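Report on one structure; see the data block that follows.
The values are calculated or read from the model by the stated rules, or taken from the named source; none is laboratory data. Not measured: the values here are computed from a predicted model. Every residue, glycine as well, gets a Cβ built from its backbone with ideal geometry; the counts of neighbours run over all protein chains shown. Keep in mind that these areas ignore ligands, DNA and RNA; they rest on the heavy atoms of the full protein, side chains included. Shrake-Rupley method; radii C 1.70, N 1.55, O 1.52, S 1.80 Å.
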Amino acid sequence: RKRQRYVEKDGKCNVQHGNVRETYRYLTDIFTTLVDLKWRFSLLIFILAYALTWLFFGLIWWVIAYSRGDLEHLGDHTWTPCVNNLNGFVSAFLFSIETETTIGYGHRVITDTCPEGIVLLLLQAILGSMVNAFMVGCMFVKISQPNKRAETLVFSSHAVVSLRDDRLCLMFRVGDLRDSHIVEASIRAKLIQSKQTQEGEFIPLDQTDLSVGFETGDDRLFLVSPLIISHEIDERSPFWDVSRGQLERDDFEIVVILEGMVEATGMTCQAHSSYLVDKVLWG
């Protein structure tokens, strides 16, 4: 039968959050929410943030010109408009773009006889800088995320239970395909298995640590060449009382987590993989 995975082999988690009622909490951390969005939604919000602010301020520039009567004195050289050469909504929209992006072509320029225009110019300059800082920051963080670095951290397709130095061990391999190394790399392993407590409570996804050398420091990896990660099956191991036949009938998943800093960027990278029962070979 097809077994359900807690974590896919490529590291993607299969846990989906459902029945989340307090969705307003995502808006309280809007920066992280935008960074976590898919690329198509991030690009859509990026475009809308600029387009809507340009349209909004362009509409206000047009309203100011219309209320002052500038549009009625387009050919009157004795009339001093709020913005020179602003003759409609399209030109007001273009002036809004020039103001917020500080292009400054020079054809349309604000005059000193329009105090409301000066206030609007200051407001748009300040809000435009805030939009630039927020959106460019989101895109920079999203582009520089080290998620893709984990694609070149490869785990073996199978784990094995066999003797090593006359001790029964659970072992798997991990390697890095890139020449740039993972600095301060460390690895952990979790046993995901349903269990029932002595009080009768059923825990569907109980997590148990599998020691891969935390006490001896062997969990700190110098990942230059492929390494074999070993978990010794001793009295402290959850596999101590498991026989070969029971192992084949049991239902569990071993999730491995490798974490370290990317040498090129200095950002933390984390790679996941997992082994189901049929991927653990005895002997």
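General observations
- Sequence-ordered 3J(HN,Hα) estimates for the stretch 108-118 from the Karplus curve with 6.51, -1.76 and 1.60 and θ = phi - 60° stand at 10, 8, 6, 9, 8, 9, 10, x, 5, x, 5 Hz, glycine and proline given as x.
- Surface per residue (accessible, 1.4 Å probe) for the stretch 36-103, Å²: 61 Å²
- Most mobile of HIS77, HIS272, HIS181 in a GNM of the chain (Cα contacts under 10 Å): HIS77
- Taking chymotrypsin sites (Phe, Trp or Tyr not before Pro) across the stretch 218-283, the ones in a DSSP loop with at most 15 further Cβ atoms lying within 10 angstrom of their Cβ are PHE222, TRP240.
- Net charge dipole, the stretch 1-121: roughly 1520 debye, given to the nearest 20, about the Cα centre with Cβ charges of +1 for Lys and Arg and -1 for Asp and Glu.
- Extension gain from ASP165 to ASP112, taking 0.36 nm per residue of separation minus the Cα-Cα distance: 10.4 nm
- Cβ-Cβ distance of GLU199 and ASP36, R₀ of 41 Å, FRET efficiency by 1/(1 + (r/R0)^6): the value works out to about 0.60.
- Each part gets one Cα centre, and for the stretch 72-125 versus the stretch 171-250 those centres are 66 Å apart.
- Taking all Cα pairs closer than 8 Å and separated by 6 or more residues, the relative contact order of the chain comes to 19 percent.
- Inverting the pair-averaged 1/r between distinct Cα atoms of the stretch 162-283 gives 15.9 Å as its Kirkwood hydrodynamic radius.
- Dimensions (Å) - the stretch 142-198, Cα atoms, principal axes, largest first: 47, 34, 22
- What you get for the stretch 102-219, charging only the Cβ of Lys and Arg (+1) and of Asp and Glu (-1), is a dipole of about 500 debye around the Cα centre.
- In sequence order, the stretch 20-25 has phi-based couplings of 8, 8, 8, 5, 5, 5 Hz under the Karplus curve 6.51 cos²θ - 1.76 cosθ + 1.60, θ = phi - 60°, and Gly or Pro positions carry x.
- Extreme residue, positive dipole direction of the stretch 23-144, given options TRP61, VAL131, VAL90 (C-beta unit charges): VAL131
- Per residue, the stretch 148-282 exposes an accessible area of 59 Å² to a 1.4 Å probe, with every protein chain left in place.
- Mean separation of Cα pairs under 8 Å and 6 or more residues apart, divided by the residue count, gives the stretch 148-282 a relative contact order of 32 percent.
- Of the GluC sites (Glu not before Pro) in the stretch 187-265, the ones in a loop by DSSP (not H, G, I, E or B) with at most 15 other beta carbons within 10 Å are GLU199, GLU201, GLU215, GLU235, GLU263.
- Within the chain, antiparallel bridges make up roughly 95 percent of the DSSP beta bridges whose residues both belong there.
- Percent carbon-and-sulfur accessible area, the stretch 56-158, ignoring ligands, DNA and RNA, probe 1.4 Å: 67 percent
- Toward the positive end of the charge dipole of the chain, with +1 on the Cβ of Lys and Arg and -1 on the Cβ of Asp and Glu, the farthest Cα among HIS107, ILE118, ILE47 is that of ILE47.
- Think of the chain as having a plus end and a minus end, set by charges on the Cβ of Lys, Arg, Asp and Glu; of VAL35, SER237, VAL280, VAL280 sits farthest toward the positive end of this dipole.
- Between LEU74, LEU163, LEU205, the GNM of the chain built on Cα springs shorter than 10 angstrom shows LEU74 fluctuating the most.
- Rounded to the nearest 20 debye, the dipole magnitude of the stretch 148-282 is 440 debye, with +1 charges on Lys and Arg beta carbons, -1 on Asp and Glu beta carbons, and the Cα centre as origin.
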